[in-house]
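One structure is given here, and the rest of the page talks about it.
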Amino acid sequence: MASEIPLRITFLLFDGFSNMVLANAVEPLRAACNLSGRGLFRWRIATLDGASVRSSSGLVLTAETPAAAAGPADMLVLVAGYGAREQAADPQVRRLVRAAARRAVSVVGLDMGAWILAAAGLMNGRRATVHWQELDAFAEEFLEVEAVARSHVIDRDRMSAGSATSAMSLILEVIRGAAGDALAYDVSTLFVYDSAEARRAESGALSPLLGRAVREMLKHIEEPLPLGAIAERAGVAPRTLDRMFSRELGVSAGSYYRSLRLGQAQTLAAETSLPVHAIAARTGFSSAATLSRAFRGQFGLTLTASRRRARAAARRQPA
């Protein structure tokens with residue numbers, strides 16, 4: 001029988017967070033309360049300093065409280081996205097996150113939230129995941145954390161999820177633990193058309209063979225594998241691999257692989273000070289010039305201009 005005492009949840013947001021990730025975490029909680037007719041969950045929105053926070057799409061959300069004044073929580077949920085690397089590098093951020101975590105029974109990282117938790121030393125010896133584009137970098141950065149390529153990870157009092165659909169999957173587990181399978185199922189049907197599609201979304205909306213191919217591509221961004229090797233590791237013929245990409249994603253396998261590498265280059269340009277030639281080396285391009293041409297073809301602007309735009313956007317965010 002579910003407890004009549006509400007589960008207290010503090011959502012700690014960072015500039016650059018994803019609206020979709022936050023909505024996929026909060027809306028199922030709201031639905032669970034509405035469908036059950038009970039106040040199973042109580043949540044509040046916090047930032048480290050109590051100031052408003054700007055999402056990755058530019059929407060501004062007013063915080064209810066600074067983290068230090070949020071009080072004890074059963075669950076502290078960090079929601080971070082673009083800019084998480086720089087935020088995690090700030091000693092003051094790490095100190096405040098550790099203090100907030102001490103007031104919580106369990107701690108959760110959504111999207112890039114686990115990156116900040118790991119930087120604060122709160123994921124040592126635990127399994128965790130982050131947004132799939134950053135999982136390899138996460139594994140390299142935090143050797144004391146076991147990076148896991150899964151939809152979501154629950155390791156005792158530490159939880160993490162790397163995408164919007166994964167955030168919902170994790171929150172449904174929280175609802176299931178608090179109120180049982182029936183309510184979790186009822187909540188899921190409000191947001192997902194059927195359970196088969198829900199399972200497909202949890203695996204990244206890809207068939208198992210294609211999902212395996214994409215994971216191999218993600219593992220080999222810096223030193224790209226030939227498509228034949230990708231196909232072999234996925235257990236299909238090269239022509240079958242290309243048909244799978246065309247059918248499920250609407251692009252060729254080569255184009256998709258290239259877009260993954262360029263997306264990583266865009267992230268590195270926005271969140272690091274690496275020169276272009278170093279970014280090229282980390283994303284499998286033979287030279288800075290080759291990367292620059294491909295980047296402009298993909299995004300319509302130079303990598304340097306993309307970096308300037310990202311930094312200008314960061315400066316416009318509220319302090």
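The values are calculated or read from the model by the stated rules, or taken from the named source; none is laboratory data. The shown structure was predicted, so the numbers you read here are calculated from the model rather than taken from an experiment. Because the Cβ atoms are built from the backbone with ideal geometry, glycine has one as well, and the counts that use them run over all protein chains shown. Side chains are part of the model used for accessible areas, which takes the heavy atoms of the whole protein and leaves out ligands, DNA and RNA. Shrake-Rupley method; radii C 1.70, N 1.55, O 1.52, S 1.80 Å.
Taking the longest Cα principal axis of the chain as reference, the axis of helix 253-271 is set at about 60 degrees. Cα gyration tensor of segment 260-315, axes a ≥ b ≥ c as square roots of the eigenvalues: rounded (a/c below 1.5), prolate (a/b > b/c) or oblate? Prolate is the answer for segment 260-315, as a/c is 1.5 or above and a/b outweighs b/c. Taking Cα atoms only, the orientation of helix 181-191 departs from the longest principal axis of the chain by about 50 degrees.
Report the rotationally averaged projected area of the chain based on its alpha-carbon convex hull, in square nanometres. Mind dumping the intermediate values first?
Working: hull surface 66.2 nm².
Result: a mean projected hull area of 16.5 nm².
Nonpolar atom fraction for the chain, defined as the carbon and sulfur part of the 1.4 Å probe accessible area, stands at 52 percent.
Taking the Cα centre of segment 1-96 as the origin, how large is its charge dipole in debye, to the nearest 20, when only Lys and Arg (+1) and Asp and Glu (-1) carry charge on their Cβ atoms? Let's see the in-between values first.
Values: 9 positive and 8 negative charges, 24 e Å.
I would put it at about 120 debye.
DSSP beta bridges confined to the chain are antiparallel in about 20 percent of cases.
With a 1.4 Å probe and all protein chains left in place, how much accessible area per residue does segment 222-319 have, in Å²?
Values: 5330 Å² over 98 residues.
The answer is 54 Å² per residue.
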